[in-house]
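The structure appears right after this line, and notes come after that.
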Amino acid sequence: MSLANMKVGMKLGFGFGVVTLLMIVVGAIAWGKLGTVETRWKDFEKITLMKKSAVMEGYINLGNGIHHFKNFILRGGDYSAKFMQDMDAMDKIEQSYRATGYVSDEEEKLLGVIKDSTKIYRNGMTRLVELKSQKADITDLDKAVAGADKAISGALTKFYQLTESSVQAESNGFSGLISTTQRMLGAAVILSIILSVILAIFITRGLLKQLGGEPDYAAEAVHKIAGGDLSMDLTIKTGDTTSLMYSLKN
């Protein structure tokens, strides 16, 4: 059955159904894109932000380790134990990176550097404790392990650069995804409006064709004829043989 031959109720129902379907499609597109953004954000939060947090903790622990290392050289005491705790905290960087579920080859190498360097740094503190017990002077103590922290600091710097690059890349990715979503939703809305207008035009033309004229004109004609007034000269469009106005006139 064509749209032109449908009854008024069916035409209105069909039009409402199409518009509703278009709105559902637009809503589904929006929901899908929002789901994509949410999933990507969770991945970003889980991986990139956790790694960045681990690196910042590494900087703090390394700074504390250097501080406690120097204090042990100068003052001795329990600073060696505090230093070892700092190195234990450094080991957690690897745990944090592993917990994200993704570690690149370059990150693997950097984790290896930190692991080997903290081992060397621990051995250096062990050596200091021995020298301290032998009453070595501060100059000898300082020379014994000079520069043991540089490799760790360099690895952390590279880690930081990697995480910053990841943050920038993800930021660009989010911007692109949001822009794409906005364009798709805008296109879907415009398409819905265009189709709704086209549908409204077809339905209106179909209704006018069935009536044979404007609704108020047809209503006036029906009212007069029903009241017994047959004097109204009904205007029928050329070629009209099926409308209500044609039926009234004939």
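Looking only at region 49-66, residues that are under 19 Å from THR100 (Cα atoms) and surrounded by fewer than 19 Cβ atoms within 10 Å (Cβ to Cβ) come to 6 in all. Of the helices (runs of 4 or more DSSP H) lying entirely inside region 8-105, those containing at least 2 residues that are within 30 Å of SER196 (Cβ to Cβ) span 8-44. Look at region 161-172: where a residue is polar (S, T, N, Q), no partner that is at pLDDT 80 or above and surrounded by fewer than 15 Cβ atoms within 10 Å (Cβ to Cβ) sits 6+ places away or on another chain with Cβ atoms under 8 Å. A residue that is touching a Lys or Arg at 6+ places or on another chain (Cβ under 6 Å) and among the aliphatic types (A, V, I, L, M) occurs somewhere in region 215-232. Selection of region 234-250 for residues being modelled with pLDDT of 70 or more and charged (D, E, K, R) yields LYS237, ASP240.
The values are calculated or read from the model by the stated rules, or taken from the named source; none is laboratory data. This is a predicted model, so every value here is computed, not measured. Every residue, glycine as well, gets a Cβ built from its backbone with ideal geometry; the counts of neighbours run over all protein chains shown.
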